[in-house]
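Novice: Handing you a structure now.
The values are calculated or read from the model by the stated rules, or taken from the named source; none is laboratory data. The shown structure was predicted, so the numbers you read here are calculated from the model rather than taken from an experiment. When we count neighbours, we look across all protein chains shown, and the Cβ atoms used for this are built from the backbone with ideal geometry, even at glycine.
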Amino acid sequence: MDTLIAADDIFTLSAVLFGLAWLGFMIDGTWLGRKTSGMLWVLLGGVALSNFRVTPFESPVYGFVGEYVVSLAIPLLLFKADLRKILRESGRVMIAFVIGACGTIAGAVIGYWLLDLGEIGPKVAGVYTGGWTGGAVNVVAVAKAVEMTPEQFTVALSASNIVSVLALMTLIALPAMTLVRRFVPSKTIDAIPADELVVTMTAETKSMHLTHVSGALALSFAICAAANLLANAFAMQQYSILLITVLVLVVANLFPQTMDKLEGDFDLGMLAMFIFFAAIGCGTDATAFIESAVVLFIFGMTILVVHVTVVLLVARLLKIDLAEAIVGSAANFVGPAPTAAIAMARGWKSLVTPGIMCGIFGYMIGTFIGVTLTAILD
């Protein structure tokens, strides 16, 4: 069946992908984006366009985005992953983060054995584990490394987004639960008066510096090129995304001061990720989602329940402050930016930086953990 936009209409389809990315960023700045995610709406927008026959399910544009744009985004998002700074500034929150990562892995393994996920099981277990140890960048990297199809990816991501929203709501609600406060005490929470629990956050105006942007892009391309050369030399083409991650971490830790001065690199990386989600949505048949998403939602909820249980139990055992446990868990499940928002909204100003540092550390390790788990379960 013909579509309104032809598969070879490169410019129009590119306009659609960038338009969906723009929509996602717009939604991210509203109440709807804060309760869900701009990425979710980018994905659903693409699904709607393709299933109503506006855009095709397949196009060279989608292939280019999946093959090259995603790879380019990985270095841009990890240039500031300075391991020494992360370990120095994360404190006890890092302990909670590691506990949470173990809880995520345990939840994925338990859910995998309890539920019949079919042949997608090992892949989705790795993708969810990578994403709920790090973030969206790890979801995409693991999905690409384990060769998940666009249809499988969309189903898995759609189900996981709902779980992520529920996880965010749970983490925000935990400090107000009397039983939880008694089970895991918190001097940090007790020290804050009730009328100081809401802190207003102001947005900073950013400006793009062309020297920074062009330099970041040039370095990102160079890292991708080097990783591809190594992948071809050692016949490891399917793991090129892992090699890119390794190389950018080497650069970030050899030249931390230079990387820290870069401006606009992370924003470019996020733009690339939004474009990728738009392409994935446009290449997805909604029928696959309807048939498969429910069991993956249950799988994701299993991971969440096990994760929270492990974090609270070990936090009590090791006498970790509840606020530190929540921030470490949030760094696992929702990434650095929402973690900072939770800490600020609760008035835990001293935990904002540790939360961000742990979230960035999750970006560093999430892909490796996710791919490893898939290999073990497969």
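Novice: Would you mind telling me which numbered condition in (1) in a helix (DSSP H, G or I); (2) within 30 Å of residue 282 (Cβ to Cβ); (3) without any contact (Cβ under 8 Å) to a residue 40 or more places away in the chain residue 88 fails?
Specialist: The one condition residue 88 does not meet is (2).
Novice: Determine the pairs where a residue that is farther than 9 Å from residue 75 by Cα and touching a residue at least 60 places away in the same chain (Cβ under 8 Å), located within the range 247-269, has a partner that is among the β-branched types (Val, Ile, Thr) and crowded, with 18+ Cβ neighbours inside 10 Å with Cβ atoms under 8 Å apart, the partner being 6 or more residues away or on another chain.
Specialist: Taking only residues 6 or more apart or on different chains, the pairs are 251/223; 259/251.
Novice: Ok, one more. Residue check, residue 224 against (1) farther than 17 Å from residue 367 by Cβ; (2) in contact with a Pro (Cβ under 8 Å, 6 or more places away or on another chain), all met but one. Which one?
Specialist: Single failed check for residue 224: (1).
Novice: What are the residues in the range 170-188 that are more than 22 Å from residue 350 (Cα to Cα) and touching a residue at least 12 places away in the same chain (Cβ under 8 Å), if any?
Specialist: 183
Novice: Further question on the same structure: Can you tell me which condition residue 233 does not meet? The list is (1) under 26 Å from residue 164 (Cβ atoms); (2) among the aliphatic types (A, V, I, L, M); (3) modelled with pLDDT of 90 or more, and all the others hold.
Specialist: (1)
Novice: Quick one: count up the residues across the range 245-297 that are hydroxyl-bearing (Ser, Thr, Tyr) and modelled with pLDDT of 85 or more. Explain how you work it out, then say what you get.
Specialist: Our first condition is that a residue be hydroxyl-bearing (Ser, Thr, Tyr); within the range 245-297, this holds for 245, 258, 284, 287, 292.
Cutting the leftovers down to modelled with pLDDT of 85 or more gives us 258.
Looking only at that region, the number is 1.
Matching residues to (1) in a helix (DSSP H, G or I); (2) closer than 19 Å to residue 328 by Cα:
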residue	(1), (2)
103	yes, yes
110	yes, no
127	yes, no
138	yes, yes
143	yes, no
148	no, no
154	yes, no
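Novice: For the range 30-69, what are the residues that are modelled with pLDDT under 85, in contact with a helix residue (DSSP H, G or I) (Cβ under 8 Å, 6 or more places away or on another chain) and not in a helix (DSSP H, G or I)?
Specialist: 36, 37
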